[in-house]
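One structure is given here, and the rest of the page talks about it.
The values are calculated or read from the model by the stated rules, or taken from the named source; none is laboratory data. Treat the numbers as computed from the prediction; the structure is a model and nothing was measured. With ideal geometry, Cβ positions are generated from the backbone for all residues, glycine too; neighbour counts draw on all protein chains shown. Note: areas computed on protein heavy atoms with side chains; ligands, DNA, RNA excluded. Shrake-Rupley method; radii C 1.70, N 1.55, O 1.52, S 1.80 Å.
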Amino acid sequence: MGSGGLSRRRFVGTLAGSAAGVTLPAATACDDAPAPADTPDAADAATSGTNSPGTRPSAQTESREPSGPRPLYLGTYTSVEGGGQGIGLATYDPVTGRITGTGTIKGVGDPSYLALHPNRRTLYAVDEREDGAVTAVRLADREILGSRSTGGAAPCHLSVHPSGRWLLSANYGTGSVAVHPVDASGALGERTDLVTHSSPAPGPGQEGPHAHQFITSPDGRHVLAVDLGTDTVYTYRLDQKAGTLTEVAQARTEPGAGPRHLTFHPGGRYAYLANEVDNTVAVCTYDADSGRLTVGAEQETGTGSGTSYPAQLVVTPNGRYAYLANRGHNSLARYAVESDGARLRLLGTVPVSGDFPRQIALSPDGTLLFAANQRSSTVSVFHVAEDSGELRLADKPFASPVAVCALPL
């Protein structure tokens, strides 16, 4: 993106000065936040992690998890006024939704997106800077295991392959996607591949490619990269021995749509695409054999005309409801998922109780929704009604410096 693309992603960060002074308690290697319990079959139970940052344990794993406060990790920008000092540490009450801050993992620069290893022992963060990097943190003692270059500028998304052997990251600034090996300790090796989206040409108003997301399909057979700059979702085959990528398909959106984030329905046949620039969402069909994604007709986001910078969609574990973060509108759109995932029906919007919801995530059991509000430096938590999908604000929004990512475990 060069500095131009970086400033576009950061322009709201400069508005966070009004939230200066909002901080979390500092933390060293030890703090009060409970580390995730090691579960022997967690790696086998992990999914592709497309509904929220990181991966999700199975229902069987969840039933064995201890009651009481659960860990919550918070992403921020450290290089903007009023920003954080690293990865925020907190806990949340799974019944009330109340968040309690417990500290900070320092030494990670601009950790704007977070993901969890399938074995739940290692946390990964992007370092969203001009010289982009990804960092691994061992959760048992919060020890930083090192960082590796992504080979591009301003990485804004990362995910762990369900095998636990590969980390996938997207460089927004240079429009490229990277692959890093993960060793048995959770630490990262040197990059095994880097692919720049050179075709098709950038869409209307874009000066180049801008990779915004890199995920694994639910069947584990393909990895998909969403590029806002080229209005394209790329499908790759990942060689799991060499860690290299082979492109197998491209899916084009409407010109100027600016696709940002793709979320799969639990059934695996359909996915939902949030288009940041033209303020729409689209239902996509996924073919597991070919890896081909077919983008359907654009639908409204509940915010009226003009763009409201749609950010991210999440789908409830039961596959019945989907939610979209509308940053400019400061709302969450609620959709009914119909026809086994083939249709989205807009039910309405609710205020997010914050300013500029950059990212949203569901708790592993789907009963709570977390919204990271960048401009207001807060995290809002909502109860999710299983039968109706209705959202109810759980508590007063939690103060978190320039909150851009929330990862509940």
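At an R0 of 25 angstrom, the distance between the Cβ atoms of Thr96 and Asp141 translates into a FRET efficiency of 0.30. Between Arg221 and Leu393, residue separation times 0.36 nm minus the direct Cα-Cα distance comes to 58.1 nm.
Any idea what diffusion coefficient segment 99-245 gets from Stokes-Einstein, in µm²/s, Kirkwood Rh on alpha carbon pairs, 4 °C, 1.567 mPa s? Reported coefficient: 85 µm²/s.
Measuring only protein heavy atoms, the 1.4 Å probe finds Cys405 accessible over about 0 Å². Using the Kirkwood formula over every pair of different C-alpha atoms, what hydrodynamic radius in Å results for segment 141-185? The answer is 11.4 Å. Rg/Rh for segment 183-319: what does it come to with C-alpha atoms and Rh from Kirkwood? Dividing the radius of gyration by the Kirkwood radius yields 0.99. The Cα center of segment 340-400 and the Cα center of segment 65-139 differ in position by 18 Å. The heavy atoms of Phe356 present about 10 square angstrom of accessible area, all protein chains included, probe 1.4 Å. Extension gain for Ala342-Arg237 works out to 35.3 nm (0.36 nm per residue, less the C-alpha to C-alpha distance).
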